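Visitor: Below is the structure I would like to discuss, written out as structure tokens.
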Amino acid sequence: MFIYKQDCALEDLGNGVTRRILAHGGTMMAVEVNFSQGAIGSLHSHPHEQLTYVLSGRFSFTIDGVTKEVGAGDTLYKKPDVVHGCVCLEAGTLLDTFTPQREDFLK
């Protein structure tokens with residue numbers, strides 16, 4: 001399967017955050033999330049495993065009560081049901097991979 005970015009809809013989540021579902025199938029999903037400087041990914045949890053790869057920008061991430069700054073090339077792992085969120089320090093883009101798929105994103 002080939003997925004072309006121009007064929008993937010950009011969803012405006014508000015407050016400086018946009019999301020683009022890049023590919024999904026089976027038990028995996030890849031999602032691009034863009035943040036403007038100062039945008040917040042509110043603390044939340046979900047039953048999915050999640051890898052986040054920082055494509056660009058700088059972020060202050062909190063995972064399970066621990067907060068650290070990350071930038072381009074860094075990767076974060078979030079276990080199922082762990083509370084996590086971020087603040088964008090410098091406009092940037094994240095690549096999130098979920099397993100299983102985020103069915104709530106597809107609705």
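What follows is calculated from the coordinates using simple rules that are stated; it is not laboratory data. Everything numeric in this text was worked out from a predicted model, so none of it was measured. Note that each Cβ is placed from the backbone with ideal geometry, even for glycine, and that neighbours are counted across all protein chains shown.
Visitor: Normalised by the empirical 2.2 N^0.38 Å for globular proteins, what value does the Cα Rg of the range 1-43 take? Intermediate values should be presented prior to the final figure.
Guide: On the way: Rg = 12.0 Å, N = 43, 2.2 N^0.38 = 9.2 Å.
In units of the 2.2 N^0.38 Å rule of thumb, it is 1.31.
Visitor: Under a straight-distance cross-link criterion of Cα-Cα below 24 Å, which lysines are reachable from Lys78, leaving out those fewer than 8 residues away in the same chain?
Guide: Candidates past the 8-residue exclusion: Lys68, Lys107.
Visitor: Add +1 for every Lys or Arg and -1 for every Asp or Glu among the other residues with Cβ under 15 Å from the Cβ of Glu32, and state the total. Can you show the working numbers first?
Guide: Numbers: positive: Lys5, Arg19, Arg20, Arg102; negative: Asp7, Glu11, Asp12, Asp96.
For residues surrounding Glu32, the net value is 0.
Visitor: Could you please state, rounded to a whole Å, how far the C-alpha centre of the range 61-107 is from the C-alpha centre of the range 1-26?
Guide: 16 Å
Visitor: What does the net charge come to around Gly41 if you take all other residues with beta carbon closer than 11 Å to its beta carbon, with K and R at +1 and D and E at -1?
Guide: Values: positive: Arg19; negative: Asp96.
Residues close to Gly41 contribute a combined charge of 0.
Visitor: Using the C-alpha atoms of the chain, what convex hull volume per residue, in cubic angstrom, is computed?
Guide: On the way: hull volume 10.5 nm³, N = 107.
Measuring per residue, one finds 98 Å³ for the Cα hull of the chain.
Visitor: Per DSSP H run of at least 4 residues, take -39500 (n - 2.57); add these up for the chain, divide by its residues and hand me the 222 nm value, nearest 500 deg cm²/dmol. Show your work: numbers first, answer last.
Guide: Working: 1 runs with 4 residues, N = 107.
Helix contribution divided over all residues of the chain: -500 deg cm²/dmol.
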